[in-house]
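Just below is one structure, and these are the notes that go with it.
The values are calculated or read from the model by the stated rules, or taken from the named source; none is laboratory data. These figures come from a predicted structure and were not determined experimentally. Here the Cβ positions follow ideal geometry from the backbone for every residue, glycine too, while neighbour counts run over all protein chains shown.
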Amino acid sequence: MLTQVPLNKKRGLSQETEGDFEYLGGGIVSPSISLEEYLLKILQDGPMTRGELSVATGIPRTTLYDTLVKLIMQDRVEKFSSSKRKRGRPNVYYRLVSY
């Protein structure tokens, strides 16, 4: 099933990433780009949670998690929490590592 989800649905993603790519499933992105590079392009627009990334790209959260862990181990992405002083779990965001 080929479905293209507008990348700017949840957040105001840049025109460069909007509609340029399509997730085909099984870790395949069209046009041909690695899933890691695809996520790095999307994260250029700012920190996002796994849920936001899933909605914006159509990629399942478990696939996103595995890919984000790889990027964290390569020191390309970092994970941080944001607490709103409310009960429950804090939101976990992912962002590009800046040097």
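Observations on the structure shown:
- Every condition in (1) surrounded by 14 or more Cβ atoms within 10 Å (Cβ to Cβ); (2) more than 11 Å from the chain's Cα centre (by Cα); (3) modelled with pLDDT of 85 or more holds for Thr62 except the one numbered (1).
For (1) over 25 Å from Asp20 (Cβ atoms); (2) among the β-branched types (Val, Ile, Thr), each residue gets a yes or a no:
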site: Gly58; (1), (2): no, no
site: Asp66; (1), (2): no, no
site: Arg87; (1), (2): yes, no
site: Val97; (1), (2): no, yes
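- Inter-residue pairs, beta-carbon under 8 Å, first over 17 Å from Met48 (Cβ atoms) and assigned to a loop (DSSP other than H, G, I, E, B) and in the stretch 74-99, second of a type in the set (A, V, I, L, M) and modelled with pLDDT of 80 or more, 6+ apart: Asp75/Val97
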